[in-house]
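Here's the structure we're looking at; comments come further down.
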Amino acid sequence: MPIRFVPTAPEVDCHAILQDPKIEAVLDRCYREWAAQRRGLIFHFLPQLHRLLFKQKMDWQKMFGITKDLYLPLEAEQGGLLYVAARAIGARRVVEYGTSFGVSTLYLAAAVRDNGGGTVIGTEILPEKAEVARSNFKEAGVDEFIDLRVGDARETLEDCGGEVDLVLLDGWKDIELDVLKTIEPQLRRGALVFTDNVHTFEADNHEQREYMADPRNGYRAVVLPVKDGMEVAVYTGRE
Ligand SMILES: C[S@@+](CC[C@H](N)C(=O)[O-])C[C@H]1O[C@@H](n2cnc3c(N)ncnc32)[C@H](O)[C@@H]1O
């Protein structure tokens with residue numbers, strides 16, 4: 001039986017949950033810019049549309065060119081969910097695969113700060129995107145809580161500097177399992193792992209989902225009907 005959630009009423013402002021006008025102002029601008037980008041999104045994705053429609057594996061190398069100027073952010077409802085979860089578990093060290101212009105990072109940084117301080121380790125492979133993200137972090141006043149690493153997540157996340165409390169996997173799907181395995185030895189028991197877009201890119205991320213569904217690997221996971229499916233898993237540790 002699928003879990004049903006009452007959809008967020010349109011008048012509910014999901015990033016007001018942060019109660020921080022400086023961050024909210026940056027998020028408002030980012031979401032406005034993303035809304036403008038979305039109107040032409042279909043044209044960006046035309047070369048890959050047949051793959052999306054027929055649930056085939058995507059050409060992720062081509063995705064870099066197609067999306068280099070696009071936000072592709074988590075929705076505000078998802079950001080709010082991350083904030084609540086990170087606060088609930090007292091997360092101090094958070095890792096994010098796929099930072100883009102830093103929308104999700106802002107929610108996570110607010111949570112870490114409100115938990116008494118810590119670090120969000122973000123990673124973005126495109127330096128131009130990372131530069132924009134950095135200026136967003138500064139403008140939002142949370143740059144001191146973010147360690148943005150430019151490069152391939154499989155390398156940049158090898159050493160997160162200590163036990164990781166929460167992970168967001170929101171990069172290209174073809175390597176998501178590799179990224180998870182890079183971070184895994186650093187997860188604390190009880191760490192939460194969020195994965196975005198689990199249904200749209202089923203052909204690419206089924207290995208990761210199967211891996212997390214196998215009890216020998218130490219996860220318990222559930223897919224929430226948020227956007228096109230957001231998985232949340234708790235790392236219970238290998239026996
Ligand atoms: C969906 S976007 C992330 C959106 C972001 N989490 C947000 O909410 O604003 C995915 C990002 O992952 C980046 N990416 C793809 N492959 C990567 C890799 N191997 N290492 C680091 N970043 C990567 C892409 O360049 C893209 O900007």
Please work out which one of (1) surrounded by fewer than 16 Cβ atoms within 10 Å (Cβ to Cβ); (2) at pLDDT 95 or above is the condition K227 fails and give its number. (2)
Give the residue, chosen from D196, D147, that is within 12 Å of the ligand (Cβ to nearest atom), of a type outside the set (K, R) and touching a strand residue (DSSP E or B) at 6+ places or on another chain (Cβ under 8 Å). D196
Name the single residue that is surrounded by the most Cβ atoms within 10 Å (Cβ to Cβ) among those in the stretch 91-118 being small (G, A, S), farther than 15 Å from F194 by Cβ and near the ligand (Cβ under 9 Å from one of its atoms). G102
Would you confirm, using the coordinates I've provided, whether E176 is among the acidic types (D, E), surrounded by 21 or more Cβ atoms within 10 Å (Cβ to Cβ) and more than 8 Å from the ligand (Cβ to nearest atom)? yes
What is the one condition in (1) within 12 Å of the ligand (Cβ to nearest atom); (2) of a type in the set (K, R); (3) modelled with pLDDT of 95 or more that R189 does not satisfy? (1)
Which one of I146, I183 is of a type in the set (A, V, I, L, M) and buried (at least 24 other Cβ atoms within 10 Å of the Cβ)? I146
Every pair of residues 6+ apart whose Cβ atoms lie under 8 Å, when the first sits in the stretch 48-66 and is part of a helix (DSSP H, G or I) while the second is more than 13 Å from the ligand (Cβ to nearest atom) and polar (S, T, N, Q): H50/Q56; K62/Q48; M63/Q48; I66/Q48
Those residues of the stretch 165-207 which are under 16 Å from T67 (Cβ atoms) and among the β-branched types (V, I, T), in sequence order: I175, T200
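Out of all the residues in the stretch 71-90, is one or more small (G, A, S), within 12 Å of the ligand (Cβ to nearest atom), touching a helix residue (DSSP H, G or I) at 6+ places or on another chain (Cβ under 6 Å) and in a helix (DSSP H, G or I)? If you could, list the steps in order and put the result at the bottom.
First, the residues of the stretch 71-90 that are small (G, A, S): 76, 79-80, 85-86, 88, 90.
With the extra rule that they be within 12 Å of the ligand (Cβ to nearest atom), the set shrinks to 76, 79.
Now narrow it down to the ones that are touching a helix residue (DSSP H, G or I) at 6+ places or on another chain (Cβ under 6 Å): 76, 79.
Filter once more, so that each one left must be in a helix (DSSP H, G or I): 76, 79.
Yes, the conditions are met somewhere in the stretch 71-90.
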Take the residues of the stretch 156-166 that are of a type in the set (D, E) and either closer than 13 Å to E124 by Cβ or in contact (Cβ under 8 Å) with a residue 40 or more places away in the chain (or both): which is surrounded by the fewest Cβ atoms within 10 Å (Cβ to Cβ)? E163
Sort out which residues of the stretch 115-155 are out of contact with any Phe, Trp or Tyr (no Cβ under 9 Å at 6 or more places or on another chain) and of a type in the set (V, I, T), and write them in order of number. I121, V142, V150
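Would you check if there is a residue in the stretch 119-128 being of a type in the set (V, I, T), in a helix (DSSP H, G or I) and within 12 Å of the ligand (Cβ to nearest atom)?
no
The values are calculated or read from the model by the stated rules, or taken from the named source; none is laboratory data. These numbers were taken from a predicted model, which means no experiment stands behind them. Glycine gets a Cβ as well: all are built from the backbone with ideal geometry, and neighbour counts include every protein chain shown.
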